[in-house]
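Asks: Sending over a structure as structure tokens; questions will come in a sec.
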Amino acid sequence: MKFILLALMFCVLPVFCQEADDSALVQEHSVQKAVAGFADVPPAKRPRAPDREKSEEAALNDEGKDAVQEYRDTLQYGVSPEIIELINKFIKNDDPRFVDEIYDVFQKTKTPSVREKVFEYFAHFKDPCLEDYAVDILNDPYDTKDSTVSLVFRYVSDVRCKPAIPAVIRLLELDDTKYFEGALTTLGEIGGAPEALYLADFIERDDLTTPQRQALARVLGKLGAVETWEKLSSIAQNEDENTFIRMYAAEAIGNMKKQESIPILVELYEAGDPNFRQYVIKGLANYPESAEAKEVIMQGIRDEHYKVRLESIAAVKKLNMTEASPYLIYRAKNDKEKVVKNACYDAIAVLGTKNGIDYLISILEDKKAGDATKAEAVKALIANNAGEAQILALAQETLKDDLHKPLRYAIGKELAKYGKPSYEAVCRSFLSSKDVATVSLGLDIYKKGRYGGVTSTVQSLAADKKAGVNQTRARKILGMEDDEANGTK
């Protein structure tokens with residue numbers, strides 16, 4: 001009898017131990033709700049090394065052989081407006097070459113506007129070199145300009161500064177709501193499941209206004225933490241809840257990509273509020289394998305409200321629903337809303353079906369189509385590497401008739417973005433125009449493509465004193481001295 005009991009104990013004991021281990025494992029990996037507090041300030045650090053490819057691309061925008069030294073001199077000796085203007089230029093040109101000099105400016109300057117511009121710059125490049133300063137500000141923002149605090153929130157969001165989270169939550173809980181929006185938006189960018197659990201409880205507070213609860217629901221949707229699915233699916237289906245809160249909750253459960261969300265969203269699409277239907281489509285756009293979700297999206301292209309149509313067109317692009325191409329072509333031809341038509345052109349080009357591309361090309365060749373419509377078709381085609389021969393032919397046609405200047409300018413701006421070798425002939429034609437703006441666009445195209453066969457044309461322009469501003473631009477692009485252009489040497 002003792003032997004039997006011992007045998008049973010040895011058989012059952014591993015099961016008990018396994019259950020205990022599993023329980024401990026679940027406890028160990030369970031998500032803990034985030035809490036408010038003062039954040040630990042990260043150690044100071046220098047900027048990251050500039051990206052080589054971006055640096056080379058940015059160098060193409062330099063005008064004059066001494067441009068780099070001029071930039072460094074401005075950063076070291078310039079007054080605040082000059083420095084701000086220069087950093088704005090660097091942001092516009094995506095230029096990372098001067099990160100160390102700009103970081104040093106930040107450490108030395110006493111001018112808040114310069115400091116704020118530097119924050120914008122490093123936020124643009126998502127460089128965490130200012131994390132220590134940013135977290136220190138969020139721990140105690142009360143003596144800092146509101147505009148600077150707003151930029152700090154944005155910076156922390158852009159660089160995904162996780163150490164700042166306790167301080168951000170603390171600012172969210174203050175009775176003074178001046179930091180509420182910035183803190184909440186930041187949590188939506190840098191938070192995860194712990195912050196989502198915190199916000200899911202926070203949204204139930206009685207002292208929150210309806211706009212605050214709406215904002216909270218939207219951020220919960222952005223976080224998309226599956227741990228909050230039960231609460232958000234309940235909110236989405238609660239007809240007594242505020243409509244905007246429900247629609248953000250609907251988007252949220254869609255973002256979680258749980259299959260259980262699909263039937264709920266499909267049913268909610270029948271809601272009378274078009275804003276609600278729009279956000280249901282946002283949620284359904286997360287299910288590329290669901291025929292049921294795709295069917296609702298297809299119906300959304302034909303929805304009576306333009307916002308729902310727009311959202312459905314965006315979903316079609318996201319899911320690469322080539323079967324929707326005929327729907328998009330029909331809407332592009334017949335929709336009364338210009339914004340929907342333009343969205344259709346882009347989506348048609350992205351899907352890249354033969355019937356879709358053929359339709360867009362037919363717009364370029366249609367004598368009855370308006371120039372604004374052709375410009376949108378060109379923009380869609382060129383961005384998706386289609387219809388190049390027809391676009392270049394159309395560009396040449398516009399050069400023959402100044403009545404089509406707006407279309408010529410629109411095509412020129414698009415060509416100047418890409419600088420492909422096949423643009424060389426059009427570049428030469430633009431530079432040969434008698435229209436000052438057209439020549440300027442030709443210089444933009446040349447600056448991007450640096451076509452050897454067109455260099456002599458640019459050199460002739462650089463020597464032409466009658467060319468005015470375009471002479472100056474040509475000389476700068478070629479790296480010639482400005483004083484030579486003015487005849488002082």
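Asks: When the residues of the range 413-437 are filtered to those that are open to solvent by less than 10 Å² (accessible area, probe 1.4 Å) and touching a Gly at 6+ places or on another chain (Cβ under 7 Å), which remaining residue is farthest from residue 459 (Cα to Cα)?
Replies: 423
Asks: To continue, here is another question. Filter the range 136-172 for residues that are farther than 13 Å from residue 120 by Cβ, open to solvent by 10 Å² or more (accessible area, probe 1.4 Å) and in contact (Cβ under 8 Å) with a residue 12 or more places away in the chain and give the result.
Replies: Selection gives 136, 137, 139, 145, 146, 160, 162, 163, 165, 166, 170.
Asks: I need a count of the residues in the range 91-150 that are under 25 Å from residue 69 (Cα atoms), over 23 Å from the mean Cα position of the chain (by Cα) and not polar (S, T, N, Q).
Replies: 12
Asks: Among the residues of the range 204-228, which ones are open to solvent by 20 Å² or more (accessible area, probe 1.4 Å) and either in a helix (DSSP H, G or I) or aliphatic (A, V, I, L, M) (or both)?
Replies: Across the range 204-228, the qualifying residues are 208, 210, 211, 212, 213, 214, 215, 218, 222, 223, 226, 227.
Asks: Within the bounds of the range 188-195, is there any residue that is surrounded by fewer than 16 Cβ atoms within 10 Å (Cβ to Cβ), at negative phi and either in contact with a strand residue (DSSP E or B) (Cβ under 7 Å, 6 or more places away or on another chain) or without any contact (Cβ under 8 Å) to a residue 60 or more places away in the chain (or both)?
Replies: Scanning the range 188-195 turns up no residue that is surrounded by fewer than 16 Cβ atoms within 10 Å (Cβ to Cβ), at negative phi and either in contact with a strand residue (DSSP E or B) (Cβ under 7 Å, 6 or more places away or on another chain) or without any contact (Cβ under 8 Å) to a residue 60 or more places away in the chain (or both).
Asks: Kindly evaluate residue 181 against the criterion of being open to solvent by 40 Å² or more (accessible area, probe 1.4 Å) and either of a type in the set (S, T, N, Q) or in a helix (DSSP H, G or I) (or both).
Replies: yes
Asks: Give me the pairs, please: first residue somewhere in the range 472-489 and surrounded by 13 or more Cβ atoms within 10 Å (Cβ to Cβ) and modelled with pLDDT of 65 or more, second residue anywhere and of a type in the set (D, E, K, R) and not in a loop (DSSP other than H, G, I, E, B), beta-carbon distance under 7 Å, and either six or more positions apart or on two chains.
Replies: 472/482; 475/482; 477/447
Asks: Which condition from (1) open to solvent by 70 Å² or more (accessible area, probe 1.4 Å); (2) part of a helix (DSSP H, G or I); (3) over 18 Å from residue 322 (Cβ atoms) is the one that residue 355 breaks?
Replies: Result: residue 355 passes all but (3).
Asks: Also, I was wondering about something else. Give me the helices (runs of 4 or more DSSP H) completely within the range 229-344, filtered to those with at least 3 residues that are over 26 Å from residue 384 (Cα atoms) and among the polar types (S, T, N, Q), ordered by residue number.
Replies: Qualifying helices (runs of 4 or more DSSP H): 229-237.
Asks: Within the range 358-401, restricting attention to residues that are among the basic types (Lys, Arg) and surrounded by 14 or more Cβ atoms within 10 Å (Cβ to Cβ), which residue is farthest from residue 332 (Cα to Cα)?
Replies: Here the answer is 379.
Asks: Under 9 Å between Cβ atoms, at least 6 apart or on separate chains: pull out the pairs that start in the range 441-460 with a residue that is without any contact (Cβ under 8 Å) to a residue 24 or more places away in the chain and end on any residue that is aromatic (Phe, Trp, Tyr).
Replies: From residues that are without any contact (Cβ under 8 Å) to a residue 24 or more places away in the chain, the pairs are 455/446.
Asks: Shifting gears a bit: Based on what the data block shows, is residue 266 under 27 Å from the mean Cα position of the chain (by Cα) and at pLDDT 95 or above?
Replies: no
The values are calculated or read from the model by the stated rules, or taken from the named source; none is laboratory data. Because the structure is a prediction, the values reported are computed rather than measured. Note: ideal-geometry Cβ built from the backbone for every residue, glycine included; neighbour counts use all protein chains shown. Keep in mind that these areas ignore ligands, DNA and RNA; they rest on the heavy atoms of the full protein, side chains included. Shrake-Rupley method; radii C 1.70, N 1.55, O 1.52, S 1.80 Å.
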